[in-house]
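What follows is a single structure, written as structure tokens, with notes after it.
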Amino acid sequence: MAKSFKSSTDASDPAFKTRTYSRNFDVVYQQLLLMARRPIKGWWLEDREMAQGILRVKYKRLLWQARVTAWVRKLEGGGCEVDVESADAIAGWGGNHKGRVKKLLRELDDALLGNNPFKPTFQ
């Protein structure tokens, strides 16, 4: 089983490619923060560094543990890029890293498509 999985610019599957958004850094970072803070069993915000654009979320269910890290980078021409990585915690197996990355990126895409990204509908 893979120890980690990260989205990248050269991924063959479009679901795992680095996301580029025309919205500014603050909007995208705040949306990721809201997604990390929502009350879902097994998920909680572990750490955040807004200056570097990093969010770390911890996932734990019975024996499965993982740390999900998201990076938001400002682009020179405006907008930003987002990468997500799911990796094993100190203990546990981590589960389906690819599925976790794909789901988070898909939810971020859906949330940022609307007119008001701070009132998203999660599924």
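The values are calculated or read from the model by the stated rules, or taken from the named source; none is laboratory data. In this text the structure is predicted, and so the values were computed from the model without any measurement. Protein only, heavy atoms only, side chains kept; ligands, DNA and RNA dropped before computing areas. Shrake-Rupley method; radii C 1.70, N 1.55, O 1.52, S 1.80 Å.
Numerical summary
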quantity: Cα shape, region 1-80, gyration tensor, a/c 1.5 rule; calculated: oblate
quantity: Extension gain (nm, one decimal) between residue 98 and residue 41, 0.36 nm per residue minus Cα-Cα; calculated: 18.5 nm
quantity: Solvent-accessible surface (1.4 angstrom probe) belonging to residue 44, in square angstrom, nearest 10; calculated: 110
quantity: Percent accessible area from carbon and sulfur atoms, region 22-85, protein chains only, probe 1.4 Å; calculated: 51
quantity: Whichever lysines have a C-alpha closer than 21 Å to that of residue 103, once near sequence neighbours (fewer than 8 apart) are set aside; calculated: 3, 6, 17, 41, 58, 60, 119
